[in-house]
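Novice: Let me give you the structure first, and then I'll get to my questions.
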Amino acid sequence: MSDPFDAALDLLRRLPPSQTQQNLASIISIAPNLEDDLLSSVDVGLAVKRCPKSGRDYLCCDYNRDGTSYRSPWSNDFDPPIDPDDAADLVPRGKIRRMEEELNKSIDVYRELYYEGGVSSAYLWQLDEGFAGVVLVKKSSGGAGKGGWDSINVFEIIEATSKRSAHYKLTSTVILDLGLRNDAVGGLELAGNLTRQEELDQPLAGLRDAEIESSHVANMGRMVEAMETRLRNLLQEVYFGKAKDVVGDLRSIRLLSEAEQERRSHKEVISKMGGATI
Amino acid sequence: MSSKTAIISSFIEAAPPGELSNVVADIKTLVGDDLQSYEPAFRKYHEEQYTAVDVPGGSGKVLLSQYNSLGSNRYFDPTSGKSFAVSFPSLKTSDAESHSPATSNLDLIQSLQTAFSKSTIEHFPSSTIGVFPTGSDIAILIVANKYSPQNFWNGRWRSTYILSDSGKLSGTIKVDVHYYEDGNVRMQTEKE
């Protein structure tokens, strides 16, 4: 009998990804003891909230959540406000907050360049050894052809004792939802998520704290850019290429007997070439 | 929040092609229930997905669908002239009886079945056909499955055509593809 948590994860991998949010809520309602573990390990579409202080939108995930409150990366406050004692533990300060602010600024530029719209947010937190963070980007578009892109890039960073380089581990997930409804195609729903990982050692320039912090931000930004580009191309290949291949295997466009005939004559030619002396 | 039965039934009905047993195993681990209580969900799944079962005492396969359902888990096969019982979720067939469907188109149905079985070989590497009467019309069903779980993908093509009394043919094609290597990608299309 396998572990219920693994069963829940497996189930979510098989059910339609366009309904992951509802399915997750359903599974939690029938197995409430798995709630915390599932919420922190399953990637769902990101929710957008408006920061009351700065007027900017930000993205909500498990990493900036406390109960039902979320922390805005622009104002660094929880909305709705939380208990000051909890806030003391959860709100980042000093080095982590400085890096977080810089990271949000650079990802904002990155987002505008690649997405021309959408919302982005980044959150960092201290670990016992090193620190961790998440970079989130969300973009949706509507109309007859609707789509939604949610990318979740989770980092784990450990600085080398020499402080000349650091080890970066990145796990990125892109959730892509596409829908099209028109007369030519009928109804098409293509949704899913892909996850890839990358581990890299990158140098840290400078000796002063501020320079090292900037290096981290630049390194993280570069990794996110490379990974998202890779995922974007992979999505195209997998979503469209693979789906097309499978449909082709289910029902061929050309007559199968013709294809078989061609294969046989091809084989004949090859074997004849093999027999000939050069 | 829906009841547990409604939730589990919806999971069963949404299972991707070729992965019903995996979904069922996961459900069992999560709730440990006796799956017999979800019989209606299994029946709906198999009828909608045109699952093919062996005709007891016969030599072929027949599709399960709403068009050849006699109620009380009995289905009929016009080609062999039999009706039989199916038990869910095991899909075991039994209790074959001779059965003549109440339709005047029996000859047409049987010849369509033979003709389609021959011609679909040209395009479908592996498929099952079902031709059944529905009211005064005829339903022609084609289902083609390709499972490749070792490569993390599965697909199913379902064609449903209705040939009306007046000779008009209309239908829908539904394709369902699931790819799940390091992720979960599902494509579901419907075309009339």
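Novice: Whether any residue in the stretch B:119-128 is more than 13 Å from chain A (Cβ to nearest Cβ), out of contact with any Lys or Arg (no Cβ under 8 Å at 6 or more places or on another chain) and of a type outside the set (A, V, I, L, M) is what I want to check.
Specialist: Looking only at the stretch B:119-128, we keep the residues that are more than 13 Å from chain A (Cβ to nearest Cβ), and these are none.
No, the conditions are met nowhere in the stretch B:119-128.
Novice: Restricting attention to the stretch B:1-18, which residues are open to solvent by less than 10 Å² (accessible area, probe 1.4 Å) and at the interface with chain A (Cβ under 7 Å from one of its Cβ atoms)? Outline the logic, then answer.
Specialist: Step one: of the stretch B:1-18, the residues open to solvent by less than 10 Å² (accessible area, probe 1.4 Å) are B:7-8, B:11-12, B:15-17.
Matches in the stretch B:1-18: B:I7, B:F11, B:A15, B:P16.
Novice: Return the only residue of B:G171, B:G155, B:G183 being modelled with pLDDT of 90 or more, under 30 Å from A:Q236 (Cα atoms) and small (G, A, S). Before the answer, list the steps.
Specialist: Working: B:G171 fails: under 30 Å from A:Q236 (Cα atoms); B:G183 fails: modelled with pLDDT of 90 or more.
Criteria check complete, one pass: B:G155.
One line per residue, one yes/no per condition, for (1) part of a loop (DSSP other than H, G, I, E, B); (2) hydrophobic (A, V, I, L, M, F, W, C); (3) surrounded by 15 or more Cβ atoms within 10 Å (Cβ to Cβ):
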{"residue": "A:S121", "(1), (2), (3)": "no, no, yes"}
{"residue": "A:L124", "(1), (2), (3)": "no, yes, yes"}
{"residue": "A:V135", "(1), (2), (3)": "no, yes, yes"}
{"residue": "A:G143", "(1), (2), (3)": "yes, no, no"}
{"residue": "A:G148", "(1), (2), (3)": "no, no, yes"}
{"residue": "A:T171", "(1), (2), (3)": "no, no, yes"}
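Novice: Test each condition in (1) free of Cβ contacts under 8 Å to residues at least 12 places away in the same chain; (2) of a type outside the set (D, E, K, R); (3) not in a loop (DSSP other than H, G, I, E, B) for A:S162 and report the one that comes out false.
Specialist: Here A:S162 clears every test but (3).
Novice: Tell me, yes or no, whether the stretch A:181-203 has at least one residue that is open to solvent by 70 Å² or more (accessible area, probe 1.4 Å), in contact (Cβ under 8 Å) with a residue 12 or more places away in the chain, in contact with a Leu (Cβ under 9 Å, 6 or more places away or on another chain) and under 25 Å from A:N76 (Cα atoms). Lay out the reasoning, then the answer.
Specialist: In the first step, residues of the stretch A:181-203 are kept if they are open to solvent by 70 Å² or more (accessible area, probe 1.4 Å); the result is A:181, A:183-184, A:189, A:197, A:199, A:201, A:203.
The next check asks that each one be in contact (Cβ under 8 Å) with a residue 12 or more places away in the chain; those that pass are A:181, A:189, A:197, A:199, A:201, A:203.
Checking which are in contact with a Leu (Cβ under 9 Å, 6 or more places away or on another chain) leaves us with A:181, A:189, A:197, A:199.
Imposing the further condition that a residue be under 25 Å from A:N76 (Cα atoms) reduces the set to none.
The answer is no, given that none of the residues of the stretch A:181-203 is open to solvent by 70 Å² or more (accessible area, probe 1.4 Å), in contact (Cβ under 8 Å) with a residue 12 or more places away in the chain, in contact with a Leu (Cβ under 9 Å, 6 or more places away or on another chain) and under 25 Å from A:N76 (Cα atoms).
Novice: Right, another one. Determine, yes or no, whether A:L15 is within 11 Å of another protein chain (Cβ to nearest Cβ), over 21 Å from B:A15 (Cα atoms) and not hydroxyl-bearing (S, T, Y). Let's see the steps before the verdict.
Specialist: Details: within 11 Å of another protein chain (Cβ to nearest Cβ): yes; over 21 Å from B:A15 (Cα atoms): no; not hydroxyl-bearing (S, T, Y): yes.
For A:L15, the condition - within 11 Å of another protein chain (Cβ to nearest Cβ), over 21 Å from B:A15 (Cα atoms) and not hydroxyl-bearing (S, T, Y) - is not met.
Novice: Working carefully through the options A:E225, A:E189, A:E213, A:E258, find the one that is at the interface with another protein chain (Cβ under 10 Å from one of its Cβ atoms), of a type outside the set (S, T, N, Q), assigned to a helix (DSSP H, G or I) and touching a helix residue (DSSP H, G or I) at 6+ places or on another chain (Cβ under 9 Å).
Specialist: A:E258
Novice: Further question on the same structure: Test of understanding: among B:G32, B:G57, B:G18, which residue is of a type in the set (G, A, S) and touching a Pro at 6+ places or on another chain (Cβ under 7 Å)? Lay out the reasoning, then the answer.
Specialist: Numbers: B:G32 fails: touching a Pro at 6+ places or on another chain (Cβ under 7 Å); B:G57 fails: touching a Pro at 6+ places or on another chain (Cβ under 7 Å).
Only one candidate passes the filter, namely B:G18.
Novice: Please go through the stretch B:19-49 and give me each residue that is outside any helix (DSSP H, G or I) and within 13 Å of chain A (Cβ to nearest Cβ), ordered by number.
Specialist: To start, the set of residues in the stretch B:19-49 that are outside any helix (DSSP H, G or I) comprises B:19, B:32-34.
B:E19, B:G32, B:D33, listed by residue number.
Novice: So, one more: Could you check the stretch A:213-244 and list, in sequence order, the residues that are of a type in the set (D, E) and exposed (fewer than 14 other Cβ atoms within 10 Å of the Cβ)? Before you say what the answer is, go through the steps one by one.
Specialist: First, pick out the residues of the stretch A:213-244 that are of a type in the set (D, E): A:213, A:225, A:228, A:237.
Passing the criteria: only A:E237.
Novice: Can you name the residue in the stretch B:153-169 that is among the small types (G, A, S) and buried (at least 21 other Cβ atoms within 10 Å of the Cβ) and is also farthest from A:G248 (Cα to Cα) among such residues?
Specialist: Within the stretch B:153-169, the first condition is being among the small types (G, A, S), and the residues that meet it are B:155, B:159, B:164, B:166-167.
Now restrict to residues that are buried (at least 21 other Cβ atoms within 10 Å of the Cβ): B:155, B:159.
Values: B:G155: 10, B:S159: 15 Å.
In this case the residue turns out to be B:S159.
Novice: Out of A:L235, A:L231, report the one residue that is in a helix (DSSP H, G or I), within 14 Å of chain B (Cβ to nearest Cβ) and closer than 30 Å to A:R164 by Cα. Quick ask: steps written out before the conclusion?
Specialist: Details: A:L235 fails: closer than 30 Å to A:R164 by Cα.
After ruling out the rest, the residue left standing is A:L231.
Novice: Right, next: Please go through the stretch A:192-210 and pick out each residue that is among the hydrophobic types (A, V, I, L, M, F, W, C) and within 14 Å of chain B (Cβ to nearest Cβ).
Specialist: Step one: of the stretch A:192-210, the residues among the hydrophobic types (A, V, I, L, M, F, W, C) are A:194, A:200, A:204-205, A:207, A:210.
If the condition is that a residue be among the hydrophobic types (A, V, I, L, M, F, W, C) and within 14 Å of chain B (Cβ to nearest Cβ), then A:L194 is the only one that fits.
Novice: If you scan the stretch B:142-192, which residues turn out to be among the charged types (D, E, K, R) and facing another protein chain (nearest Cβ under 8 Å)?
Specialist: Of all residues in the stretch B:142-192, those among the charged types (D, E, K, R) come to B:146, B:156, B:158, B:165, B:168, B:174, B:176, B:181-182, B:186, B:190-192.
Result: B:K146, B:R156, B:D182, B:R186, B:E190, B:K191, B:E192.
Novice: Going by the conditions given, is A:L207 at pLDDT below 90 and exposed (fewer than 15 other Cβ atoms within 10 Å of the Cβ)? Explain how you work it out, then say what you get.
Specialist: Values: at pLDDT below 90: yes; exposed (fewer than 15 other Cβ atoms within 10 Å of the Cβ): yes.
Against the criterion (at pLDDT below 90 and exposed (fewer than 15 other Cβ atoms within 10 Å of the Cβ)), A:L207 qualifies.
Novice: Hey, among the residues in the stretch B:54-98 that are among the hydroxyl-bearing types (S, T, Y) and outside any strand (DSSP E or B), which one's surrounded by the fewest Cβ atoms within 10 Å (Cβ to Cβ)?
Specialist: If we take residues in the stretch B:54-98 being among the hydroxyl-bearing types (S, T, Y) and outside any strand (DSSP E or B), then B:S72 is surrounded by the fewest Cβ atoms within 10 Å (Cβ to Cβ).
The values are calculated or read from the model by the stated rules, or taken from the named source; none is laboratory data. Source: prediction; values computed, not measured. Counting neighbours? That spans all protein chains shown, and the Cβs are built from the backbone with ideal geometry, glycine included. When the accessible area is computed, the model is the full protein with side chains, heavy atoms only, and any ligands, DNA or RNA have been set aside. Shrake-Rupley method; radii C 1.70, N 1.55, O 1.52, S 1.80 Å.
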